[in-house]
Each structure stands twice: as structure tokens, then as C-alpha cells.
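Sending over a structure as C-alpha cells; questions will come in a sec.
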Amino acid sequence: MIWKIVGGTIFVLLAAIGLLSVSSHFITDLLWYGAVGYRSVFITTILWRWGFAVLLFLVGALFIGWNLWQTRFAIRQALWRIPRLNKAVKPKLVYFLIAAISLVGGLFLASSLSGYWWEFVQFIKAQSFDILDPVFHKDVSFFFFTLPVLRLTSIGVLILLVLSIIVCGLVYLGAFGLEASSAARKHMGWLAASFVFIRSFSYLFDAYELVYSPEGALYGAGFTDVNVRIWVFRVLMVVGWLAALTILRYAYGGSFRLVAGTLIVWIIFGITLGNLLPTAVQNWVVSPNEFERERAFLDNHINMTRLAYGMDDFEEREFPLNKTLTTGENSSVSSTLQNIRLWDPRPVLPTYQQLQEMRLYYSFTDADVDRYVLNNEYRQVLLSARELDVNRIQNKTWINQHLQYTHGYGVVMSPVNEATKQGLPVFWISDIPPKSTVDIDLVEPRIYFGEKTDQYVIVNTKTDEFDYPLGDGNAFNRYDGADGVYLSTFLHRLAFAMRFGESRILLSSDITPESRVLFDRNIIERAKKLAPFLRYDNDPYIVIHNGRLFWMIDAYVYSYRFPYAQPTLGWGNYIRNSVKVVVDAYNGSIDFYQVEPDALLETYRAVFPNLIKPITEMPLGLREHMRYPEDLLVIQARMYGTYHMTDTRVFYNREDVWSFAREIYADREQEVLPYYVMMEFPDGVGEEMVLMMPFIPARRNNMVAWLGARNDGENYGNVVVFKFPKDTLTLGPAQVEARIDQDPEISQLLSLWGRSGSQVIRGNLLVLPVGASIIYVEPLYLQSEQSGIPQLQRVIAADQDELVMAENVETALELLLDRVGVKPDTVQKKEETAVEQEPSLDWSSQAYLLYEGAAQSLRQGDFGGFGEAWEALGELLRELNRE
């Protein structure tokens, strides 16, 4: 008796542990969603997912069960024919078999289609796009939501019909052999006719799918599709229905020859009309006069592609290029050139890593461009978060990785347009604890949630958390943020021990009821867990707001279902940056904000009404740091390079295709990708941050246009395309790079640096619109093999005619503007001061000034200027000697 009790207890415990192990992810996820304030999202997802699976199971089981019920007498007859079972056949056995087979059929249907629950949910909650497709004149929402569900429904019905035909056919075969009864013949006839009817009906869906046809001169339905294939599908559908009727007639005593003949005709029509006829029309009717045949459909393709990528809202303007800067442009020069970006994330990141990581376990993943009002000036800056990478910890114990080293600390900020005398970035925020030289303070610099936080941590344990290095020791901290699931009970600890496969969570004496576990801390994975239907940008960026750190992530709605629109590999053919995600780096709170109206996103909001908030609820201080995403502009720009051609004939002949400009970065040629600059836009609203990029004609290097996406205020999201005059040559980045290579003084200096064992890094060649002119600026960095830190050594500035190099951007611009006859305010003031203070100089003062000028020219690599100064110094000394 005792052994039975012990055995029973052990069995119950093992069963409970097994159940907890299976359900640990469900339990801990439920707790996680509750901790972040989105339990309703979790419950809604579970109800839809499991509700849909149960519905499929019931439909499948009932359908197969009903059909098997029609065969219940045949089942008994079939069992009687089995010698070993003929005496045991009873109604209960028949009912059991019917129920068992029905349940298996229901499970099969549910397992086959339950993964498509999201498509059915979108269909139920679908919102209208208010855009009609040009062929079938249906709202685009039909192709996004209705057509996929119709297709899946037909597949589900066909699966049930096939299963029923197989099971019922075997029953009838076992009961009657090949001589089926009249009832069996009618039953199987209805099943077969239904299968043919549904399969024929799917031709209608094939016709709708032609709006995604990749064949012919365009993506979408072309001449052959609209005038031949659609009608072929309709004919095949009607012939299929006739075949279904002949099957029914045969079931009720008709001739099998009629069935066979109709099916043969159906197959022949499918081969000839479905394949041979469209091919013949395409080759013999369309191809000889393709443009005229496809003209209307090319219009459809162009217009729908522009709509799908948001290019229909691009504003096109003419850029009245003036090759030479004029004095009237000085105000624009001062405003635009104040924030010329000398540092971009690539050369500045190694500097941050070398000078500001402080300890081996700290890591800077990326440096991001943003803008702030600092000391009453609107400045563009680079900002990078100092995260903690547990993989760099030397002593990788469980306590160190999960209880003690829990968070990163602080950020580094530097202006994009300043450098020290050593050619390094100027740090405005740096060190640990953070020190700021501008009017911005970090009240909470700790980073518990970031790009590198891939492991769970347990906070508020008996082991104090490492905060930051302090002298020869360390500072410690206890987490008082809002995130985390309390490990307040044995079951909580057991569930998380099961989830993470770590018994120490259950056994460690360091963990108390006040301890909390923080997991899913990677900001991208955190967002994906809440909204997996969105796609997330690969470049989250850190923002300082009210002394706290926040991550901002661009999120996209995307689809392959937009009719006629050319797809982009990996993205689909419809994309919108409709959502901004904000994650508190300390608390882990996450908010989704809708930044533009979108029918696809409205559908998602209808499913999860408490997930996505209107943009008006985002704090103004965070809204001021929204950026037009680079990933989106790259996709749009690649499309726009072709689809800016709205004239059908020009588009068909590809007469004016634009490409991305080329530049030399470091020592290799690459595409010029979008970059953020501070500039005064031509509409005169003041200085703002613009994401811009230049265009060149295909297979040529001169510049034909530049594209700018605006980031500030009410203009956020507006994209403007400025086209250069076609009768004037505007230098492209590659042509300016060639001029740099051909300049004897610059090339000589670059060769000299290269021979000294250092690497010359040529930075981004910036194309800067200034008034009605274009200025090109390229920084030059020198990186020694020992330090690995790029140092800014020279700045090259150019316009359409002149090219100069100097030690800093101010001098380079002054030289450039001076050569073209423009005197900026700074230059004029220096000259006025020089005139006012121009007493007659003695010989020693003149000699010293000439010497300083020669030394300055040598440092700048201006060998011509050095030679002139040296000659003047020699002449002065010769005169002195003669006296």
C-alpha cells in the first residue's frame, strides 16, 4: 500500500514537472506581457490563434464525420467481411471508428492551415485603401486581405474533399468491391463533383493573381494577361463546372463516356488555352508592336508602383544651377555650411571604441546622426550608447553574467563638424560618470535595454549590481526601474528555471522574493515580440530626452500584395514607415506610435486596439528627434531612379534612368548612400536636418538631380527632388573624386602619407546645395597602424571649377570662396581687422610672417604656396643682406 502511494506521488510530481516544463514559456510570456503593459496583446493573440485552430478542427471533424456517417452501414458491411471481426461488429464499434477517423481528419486540417490564422484575422478586420486596381476595379484591400483568404479557403475545402473521397472510397471498396450500391455511387459522385467544382472555381483566383504577373514588359497584368489569360481562366472554370455536372449525372445513372469526354476536353483546354494560346499571342501579336500593345498597362504599372512606394507624394522642382557662388548667397552659405559633417559613423566609431569604452566589457555598437538645440544653437551631432557586452567579461560565472553585470552606462556625444588639434572628435558628452560640456545632462545614464542586451538578468538580489568603474574599485547599484517579473514564489522561480534551463534560478540563495528577472531585453527582439507583423529598421538610435535615454526604432508595414507594383527583393512591393517605436533604455517600457495614415496599419490596429498609439501622444521632445529612415530612402531612391519617368514611351525605352552616384571611401569605390546634413532648404524655413543623396544618369557620372527627405517639424516625411538643368553639366561625386586624384599637390601628399605606414581614409564626399550652387566637401583621415584611430588631417572643398585643400573646413571654404570672389562674413572681418592694424612692419616681423606662411602652406600640403612664401622670404633676406 505504501509503495503504491509513493509511486503515485512520484508520478504526480513528474507529471506536474513535465506539464510545467511544457507550459513554462506560456506562463513566463504571460508574466512578461503583463510586466510591459501589453497583456491584452498576448491574450488577443492566443484567442485568435487557438480559436482559429479549434474552428478548423471542428469544421474538419464535422465534415469528415458527416461523410463517414453516410457510410455507417457500409462500414459495418466491410467489418463483417473481415473473418476475425465479423462476430464482434456492433454499432458502438462503428461509431467509435467514425469518431476516431473524424478527429484525425480535423487534426490534419487544423495542423495544415492553423498557421495562416493571421491572414484570416486581417480579412475579418480589413480596412479599405480607397485605391482601385485598374483591371478589376476592386479596392486594393481585396488583394491584400480577401484574395489570400479565398485561396486558403478553397485549399482547405479541397483537403477535406480529398480526405473524404479517400476514406469513403476505401469503405465502399471494402464493403461492396467494385460493384457499388446506388447510395454509394451518389455519395462518391457528389464528393467528386464538389472537388472538380471547387478546383474549377480557383481559376477565378488565378485570374485575380495576374496583377502580380512577372511576364512581359512589366510587372502586373499586361496585354496578353487581360485580353487572353483572364478569358482562358473563365473558360476553364466553366468547362470545369460542366465536368462537375457530368459527374453528378453519372452518379445518378448517366454515361461514363460523357464524364470522360468532358474531363479530357478540360485537360486539353488547360494545355492549349492555358499555355499555347497566351504564348502565341505574346509572340505573334504583342512582341512585334510591344509598346503600343502595352502602353495602357505600362501606365498602370508606373502609377501603381509610385503609389506603393509613396513616390507619388515626391515633390519635383527645378534646381537653377549657378556654377559659381555669388555674393548674394552669403546668408545661405553661413547657414548651410555651419554644420558641414566632417565626421560620419564609420571613422568616428573606432575613435569612440578606443577612447571611451574605458573597460573591456563596454562596447559601442554604432554611432548615429541626430540633432539637438545646444547652447541656443541647432547642432548636428553623433551619439553612441556605451553598452555592456557580457561576452567580454573575463570571469564568466553565472553570477557575473546574470546577477552582477547587468547594464551599460552613458553615451558619447560629439559635433559632426569639429575636431581637436590632434584631428580627433570633440567630446561634448563623455567619460564615466558622464561629463557634459553643453547644456544637456544625463539624469539616468544606465542602459538595461539595448542592441547588445541579449541575455536575461536578475536584479535586486543579495549581490549588488556592478554600476561603473570608480578609481581602483567599482560603484554598485540596485535597479529601481519599472520592468521585470518578480520571482516572489517557488512556482515563479521554477517556471523561469524551466524556461532558461538554469537550476540556479531555483536554488540560488542570492535570489529573494523582491528579485526581478529582466528578459527579452534586446530592443529589436522586444519590439518583434509585441508586433511581429512589422519589419524593423537595422539602425536603432539613442535619444536623450529629459535627462533619460530612449531608443527610437523605425518600423515598417510591408506586403507583396499591392497590384501592379514592382517588388523589391526581401521587402515586397508595398512599404510604409508608418510606425516609430520608443524604448526606455532603463525601464524597458515600449511604445508604438503611428506617424502616417495607412490602411494596412489600421487593420493591425483593429486587431490590437491598445498596441499602437497616435503620434500626438508621443512627447514633443522625442518627436523632435524622429528621422526619415535611411533604409526606406534607399529603397525609394532605387525605385525612383526608374519611376521618375512618368512618360510611358520614355519609361519603356529606359531613356532617362538614374543611378546612385559613386564615390571613393577609404581606398575603394562605392555607391553614395543617403546621408544626413544640416542645411537651409530652398523654401526658406530655416536650417533643418535633411537626408539627401545625389543621382547620376545610368552609365554616366555627371549629376542630374539630388533628393532630399525632410526631418523637422511639419515638413517631416516630405521628399523633394531637385533636377539640374539638362543643358548644363553638373559634376557628380565620381568626377570630383577624379579631380582630387589628378590634383598634383593632393596626390603627392596622399602618396607621402601612404609611404609613412599610415592608412589614408577618404571620407564621404558630401554634395551640399548652397543657394543656387553646389559645393563638394570631402574630409581626409589618417589612421596609423599602431593606434587604429582615424585622425582628421585635411578637408577638401570644391565647386564646379575650383578645388582646394586645407587643414580645416573653415580655411578650405574661405579659400574656395575667395577664389570664386565671395567673401564670407568671417573672411571680411579678418581682412578689415588686418587693414585697421596694418602699421609698417620691421624686417624681422616681415620675415617671421613669411616663415609662418611657408610653414602653414607646408602643413596644408600647399606646395605652390610654400614655394611662393619661401621665395619671398629669400628675397627679403637678400635685400637685408644688401643693406
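The values are calculated or read from the model by the stated rules, or taken from the named source; none is laboratory data. Values in this document were obtained by computation on a predicted structure and should not be read as measured data. Don't worry about glycine lacking a Cβ; one is built from the backbone with ideal geometry, like all the others, and counts go over all protein chains shown. Note: areas computed on protein heavy atoms with side chains; ligands, DNA, RNA excluded. Shrake-Rupley method; radii C 1.70, N 1.55, O 1.52, S 1.80 Å.
Of all residues in region 769-802 being open to solvent by less than 10 Å² (accessible area, probe 1.4 Å) and of a type in the set (Gly, Ala, Ser), which is modelled with the lowest pLDDT? Spell out how you get there, then give the answer.
Looking only at region 769-802, we keep the residues that are open to solvent by less than 10 Å² (accessible area, probe 1.4 Å), and these are 769-770, 773-781, 790, 795-799.
This time we only want the ones that are of a type in the set (Gly, Ala, Ser), so: 773, 797-798.
Working: SER773: 85, ALA797: 92, ALA798: 91.
Going through the qualifying residues, I end up with SER773.
Out of the residues in region 548-564 meeting the condition of being open to solvent by 20 Å² or more (accessible area, probe 1.4 Å) and more than 17 Å from ARG526 (Cα to Cα), tell me which one is nearest to the chain's Cα centre (by Cα).
Within region 548-564, the first condition is being open to solvent by 20 Å² or more (accessible area, probe 1.4 Å), and the residues that meet it are 548, 550, 558, 560-561.
Next, only the ones that are more than 17 Å from ARG526 (Cα to Cα) stay: 548, 558, 560-561.
On the way: ARG548: 26, TYR558: 10, TYR560: 15, ARG561: 18 Å.
Per the stated criteria, the residue is TYR558.
Conditions: (1) of a type in the set (Val, Ile, Thr); (2) in contact with a Pro (Cβ under 9 Å, 6 or more places away or on another chain); (3) crowded, with 18+ Cβ neighbours inside 10 Å. THR453 meets all but one. Number of the miss?
(2)
Looking only at region 535-547, decide whether some residue is in contact with a Phe, Trp or Tyr (Cβ under 7 Å, 6 or more places away or on another chain) and open to solvent by 20 Å² or more (accessible area, probe 1.4 Å).
Looking for residues that are in contact with a Phe, Trp or Tyr (Cβ under 7 Å, 6 or more places away or on another chain) and open to solvent by 20 Å² or more (accessible area, probe 1.4 Å), one finds at least one in region 535-547, hence yes.
Follow-up. Could you please find all residues in region 704-720 being within 23 Å of the chain's Cα centre (by Cα) and of a type in the set (Val, Ile, Thr)?
Passing the criteria: VAL719, VAL720.
At least 2 residues that are more than 30 Å from VAL777 (Cα to Cα) in each: list the strands (runs of 3 or more DSSP E) lying fully within region 384-502 that qualify.
The qualifying strands (runs of 3 or more DSSP E) are 457-459, 465-470, 473-477.
Which condition number does PRO320 fail, the rest of (1) at pLDDT below 90; (2) surrounded by 18 or more Cβ atoms within 10 Å (Cβ to Cβ) being met?
(2)
So which pairs qualify, if the first residue must be in region 511-531 and among the acidic types (Asp, Glu), the second must be open to solvent by less than 10 Å² (accessible area, probe 1.4 Å) and not in a loop (DSSP other than H, G, I, E, B), the Cβ gap must be under 9 Å, and the two must be at least 6 apart or on different chains?
Taking only residues 6 or more apart or on different chains, the pairs are ASP520/TRP32; ASP520/ARG526.
While we're looking at this one, here's another question. Looking at (1) in contact with a Lys or Arg (Cβ under 7 Å, 6 or more places away or on another chain); (2) charged (D, E, K, R); (3) over 24 Å from PHE319 (Cα atoms), which is the one condition that is false for ARG762?
(1)
Please determine whether any residue of region 655-663 is over 18 Å from GLY732 (Cα atoms) and either at pLDDT 95 or above or out of contact with any Pro (no Cβ under 8 Å at 6 or more places or on another chain) (or both). Before you say what the answer is, go through the steps one by one.
Taking region 655-663 as the starting set, the residues that turn out to be over 18 Å from GLY732 (Cα atoms) are 655.
With the extra rule that they be either at pLDDT 95 or above or out of contact with any Pro (no Cβ under 8 Å at 6 or more places or on another chain) (or both), the set shrinks to 655.
The answer is yes, given that some residue of region 655-663 is over 18 Å from GLY732 (Cα atoms) and either at pLDDT 95 or above or out of contact with any Pro (no Cβ under 8 Å at 6 or more places or on another chain) (or both).
May I ask you to list the residues in region 286-315 that are assigned to a helix (DSSP H, G or I), hydrophobic (A, V, I, L, M, F, W, C) and either in contact (Cβ under 8 Å) with a residue 24 or more places away in the chain or exposed (fewer than 13 other Cβ atoms within 10 Å of the Cβ) (or both)?
So in region 286-315, the residues assigned to a helix (DSSP H, G or I) come out as 286-308, 311-313.
Adding the requirement that they be hydrophobic (A, V, I, L, M, F, W, C) leaves 286, 291, 296-298, 302, 304, 307-308, 311.
Of everything in region 286-315, those that are assigned to a helix (DSSP H, G or I), hydrophobic (A, V, I, L, M, F, W, C) and either in contact (Cβ under 8 Å) with a residue 24 or more places away in the chain or exposed (fewer than 13 other Cβ atoms within 10 Å of the Cβ) (or both) turn out to be VAL286, PHE291, PHE297, LEU298, ILE302, MET304, LEU307, ALA308, MET311.
Can I ask one more? Please tell me if THR272 is open to solvent by less than 40 Å² (accessible area, probe 1.4 Å) and either modelled with pLDDT of 90 or more or more than 21 Å from PHE197 (Cβ to Cβ) (or both).
Details: open to solvent by less than 40 Å² (accessible area, probe 1.4 Å): no; either modelled with pLDDT of 90 or more or more than 21 Å from PHE197 (Cβ to Cβ) (or both): yes.
Considered against the rule, which asks whether it is open to solvent by less than 40 Å² (accessible area, probe 1.4 Å) and either modelled with pLDDT of 90 or more or more than 21 Å from PHE197 (Cβ to Cβ) (or both), THR272 comes out as no.
Go through region 456-483 and give me each residue that's touching a helix residue (DSSP H, G or I) at 6+ places or on another chain (Cβ under 6 Å) and either open to solvent by 10 Å² or more (accessible area, probe 1.4 Å) or on the phi > 0 side of the Ramachandran plot (or both).
Once the filter is applied, which keeps residues that are touching a helix residue (DSSP H, G or I) at 6+ places or on another chain (Cβ under 6 Å) and either open to solvent by 10 Å² or more (accessible area, probe 1.4 Å) or on the phi > 0 side of the Ramachandran plot (or both), region 456-483 yields only THR463.
Looking only at residues in region 653-688 that are without any contact (Cβ under 8 Å) to a residue 60 or more places away in the chain, assigned to a loop (DSSP other than H, G, I, E, B) and within 23 Å of ILE796 (Cα to Cα), which one is least open to solvent (accessible area, probe 1.4 Å)?
PRO674
Going by what's in this entry, would ALA180 be described as in contact (Cβ under 8 Å) with a residue 40 or more places away in the chain and surrounded by 16 or more Cβ atoms within 10 Å (Cβ to Cβ)?
Values: in contact (Cβ under 8 Å) with a residue 40 or more places away in the chain: no; surrounded by 16 or more Cβ atoms within 10 Å (Cβ to Cβ): yes.
For ALA180, the condition - in contact (Cβ under 8 Å) with a residue 40 or more places away in the chain and surrounded by 16 or more Cβ atoms within 10 Å (Cβ to Cβ) - is not met.
Of everything in region 505-537, what is among the charged types (D, E, K, R) and within 38 Å of the chain's Cα centre (by Cα)? Give them in sequence order.
Hits for region 505-537 are ARG516, ASP520, ARG521, GLU525, ARG526, LYS528, LYS529, ARG535, ASP537.
Please find, among PHE123, PHE143, the residue that is at pLDDT 95 or above, open to solvent by less than 40 Å² (accessible area, probe 1.4 Å) and of a type in the set (A, V, I, L, M, F, W, C).
Working: PHE123 fails: open to solvent by less than 40 Å² (accessible area, probe 1.4 Å).
After applying the criteria, what remains is PHE143.
Here is a further query. Go through (1) under 19 Å from PHE724 (Cα atoms); (2) hydrophobic (A, V, I, L, M, F, W, C); (3) open to solvent by 10 Å² or more (accessible area, probe 1.4 Å) for LEU691 and report which single condition fails.
So the condition that LEU691 fails would be (3).
Quick one: in region 1-33, which of the residues that are among the aromatic types (Phe, Trp, Tyr) and over 41 Å from the mean Cα position of the chain (by Cα) is modelled with the lowest pLDDT?
Going through region 1-33, the residues among the aromatic types (Phe, Trp, Tyr) turn out to be 3, 11, 26, 32-33.
Checking which are over 41 Å from the mean Cα position of the chain (by Cα) leaves us with 3, 11.
Details: TRP3: 62, PHE11: 65.
So the residue we want is TRP3.
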